[in-house]
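Asks: If you scroll down you'll find the structure; I have some questions about it.
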Amino acid sequence: MGRVEGKVAIVTGGGTGIGRATAQRLAAEGAKVTITDVNTEAGQAVAEELGGDAVFLQQDVREEADWQRLMEAVAAQHGRPDILVNNAGILATTPYQFLDQTDLEQWRAIQAVNVEGVFLGCKYGVAAMSAGGRPKGGAGGGSIVNLSSIAGLIGTPGAVAYGASKGAVRQISKTVAIDCARKGLGIRCNSVHPGTIRTDMGDQVMRMGGGDPEKALAASIRRIPMDEPAQAVDVANCILFLASDEARHVTGAELVVDGGITAV
Ligand SMILES: NC(=O)c1ccc[n+]([C@@H]2O[C@H](COP(=O)([O-])OP(=O)(O)OC[C@H]3O[C@@H](n4cnc5c(N)ncnc54)[C@H](O)[C@@H]3O)[C@@H](O)[C@H]2O)c1
């Protein structure tokens with residue numbers, strides 16, 4: 001019996017990185033996983049690799065119509081969703097993000113994916129997950145996990161728009177958590193805050209200053225008390241816990257996965 005056996009799960013941005021690792025862990029623990037991404041090739045490849053009940057659906061998280069289409073498709077294929085991982089996110093659209101180098105176009109592009117995408121996900125996710133009613137607390141409830149970052153907890157020079165977007169994700173998560181709890185919907189909502197993670201986005205962070213990415217990585221590792229970056233699966237394991245009934249009393253929480261960076 002898997003830790004999320006038979007649960008219906010959606011992972012946005014599941015074609016690469018943390019999303020891919022999350023889809024793998026949820027499927028390995030018995031969930032029926034729908035992977036979404038704007039990158040059709042990558043998302044399709046993950047669904048094929050997982051096999052079984054895993055499917056891929058092309059989705060742009062910025063588009064309301066895509067959320068409606070996704071929830072209808074999941075309901076038709078697998079039934080009511082139990083788990084939604086709002087993982088899709090972008091770091092930047094241009095190399096620099098210091099305040100004086102960030103224009104309004106870049107600011108809005110980042111908020112559109114990272115904030116509006118999570119807002120729409122929570123809105124359509126709660127509606128789809130609460131259909132027909134759920135137990136008010138404990139096991140058998142729904143779970144939404146939103147990907148924030150340590151940049152949503154502490155100031156990050158050079159990531160003004162990204163940091164603001166991830167702070168908003170933290171706040172959306174807590175508000176949705178309380179709203180669902182007070183309405184007795186049986187849906188929990190939590191945020192996850194990775195630090196330095198080796199993914200496509202993690203490597204993009206190392207290239208952002210315009211210097212040597214290997215030196216940037218070494219400097220980044222020196223900031224980590226545990227002295228090594230996390231792998232995507234380390235974040236995926238935390239998401240799996242929050243998605244499962246093991247976390248049945250956990251809502252509105254922020255799970256930091258940063259090797260101790262923000263504890264200093
Ligand atoms: N990697 C890190 O160091 C790190 C640290 C903290 C937080 N995070 C957060 O974790 C999440 C996953 O990051 P990652 O490192 O795996 O990134 P990644 O770039 O490797 O993967 C992100 C995925 O999201 C998809 N995507 C982008 N825009 C989309 C859209 N509009 N609609 C649907 N899909 C879209 C991409 O195609 C990609 O497959 C992000 O929200 C990110 O902000 C990452």
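Asks: Rolling a 1.4 angstrom probe over the protein heavy atoms, how many square angstrom per residue are accessible across the stretch 8-263?
Replies: Values: 11270 Å² over 256 residues.
For the stretch 8-263, the solvent-accessible area averages 44 Å² per residue.
Asks: So for the chain, averaging the separation of alpha carbon pairs under 8 Å that are six or more residues apart and normalising by length, what relative contact order in percent results?
Replies: On the way: 557 pairs, mean separation 52.2, N = 264.
Dividing the mean separation by the residue count of the chain yields 20 percent.
Asks: Using 0.36 nm per residue, how much length does the chain from K183 to E41 gain when fully extended, once their Cα-Cα distance is taken away? Don't skip to the end; give the middle numbers.
Replies: On the way: separation 142, 0.36 × 142 = 51.12 nm, distance 3.97 nm.
The span from K183 to E41 would gain 47.2 nm if fully extended.
Asks: Report the label-to-label distance for Y96 and R108 in nanometres (one decimal), using points 7 Å from each Cα along the Cα→Cβ vector.
Replies: 2.3 nm
Asks: Here is a follow-up. Over the heavy atoms of L104, what accessible area does a 1.4 Å probe trace out, to the nearest 10 Å²?
Replies: 100 Å²
Asks: Hey, what did the stretch 121-264 get for relative contact order, percent, Cα under 8 Å, at least 6 apart?
Replies: Values: 235 pairs, mean separation 44.6, N = 144.
For the stretch 121-264, the relative contact order is 31 percent.
Asks: So, one more: Sorted by average packing, counted as other Cβ atoms within 10 angstrom per residue and highest first, what order do 12-19, 48-55, 195-202 take?
Replies: Working: 12-19: 27.5, 48-55: 14.8, 195-202: 19.0.
Peptide ranking by packing, descending: 12-19, 195-202, 48-55.
Asks: Using just the helices of the chain, give the 222 nm mean residue ellipticity in deg cm²/dmol: DSSP H runs with n ≥ 4 each add -39,500 (n - 2.57), and the total is spread over all residues, rounded to 500.
Replies: Details: 9 runs with 112 residues, N = 264.
Result for the chain, helices only: -13500 deg cm²/dmol.
Asks: Right, next: Hey, any idea what % of the chain's accessible area is carbon plus sulfur with a 1.4 Å probe? Intermediate results must be reported in sequence, preceding the final value.
Replies: On the way: 6270 of 11890 Å².
Answer for the chain: carbon and sulfur cover 53 percent of the accessible area.
Asks: Then there is this: In nanometres, what is the gap between the two model label sites at K123 and R80, each 7 Å from Cα along Cα-to-Cβ?
Replies: In this crude label model, K123 to R80 measures out at 2.2 nm.
Asks: Here's something else I'd like to know. Leaving out ligands, DNA and RNA but keeping every protein chain, what accessible area does K123 have, in Å² rounded to the nearest 10, with a 1.4 Å probe?
Replies: The value for K123 is about 110 Å².
Asks: How would you order 126-135, 77-86 from highest to lowest mean count of nearby Cβ atoms within 10 Å? Walk me through the intermediate numbers first.
Replies: Working: 126-135: 15.5, 77-86: 22.5.
By packing density, highest mean first, the sequence is 77-86, 126-135.
Asks: Once every Cα of the stretch 1-139 carries one equal point scatterer and solvent is ignored, give the base-10 log of I(q)/I(0) from the Debye formula at q = 0.15 Å⁻¹, two decimals.
Replies: Results for the stretch 1-139 at q = 0.15 Å⁻¹ read -0.73.
Asks: In the chain, how many lysine pairs have Cα atoms under 26 Å apart, counting only pairs 8 or more places apart or on different chains?
Replies: So the count works out to 17.
The values are calculated or read from the model by the stated rules, or taken from the named source; none is laboratory data. From a predicted model like this one, the values you see are computed outputs, not experimental measurements. Cβ: placed from backbone, ideal geometry, glycine included. Neighbour counts: every protein chain shown. Just the protein is used for accessible areas: all its heavy atoms, side chains included, with ligands, DNA and RNA removed. Shrake-Rupley method; radii C 1.70, N 1.55, O 1.52, S 1.80 Å.
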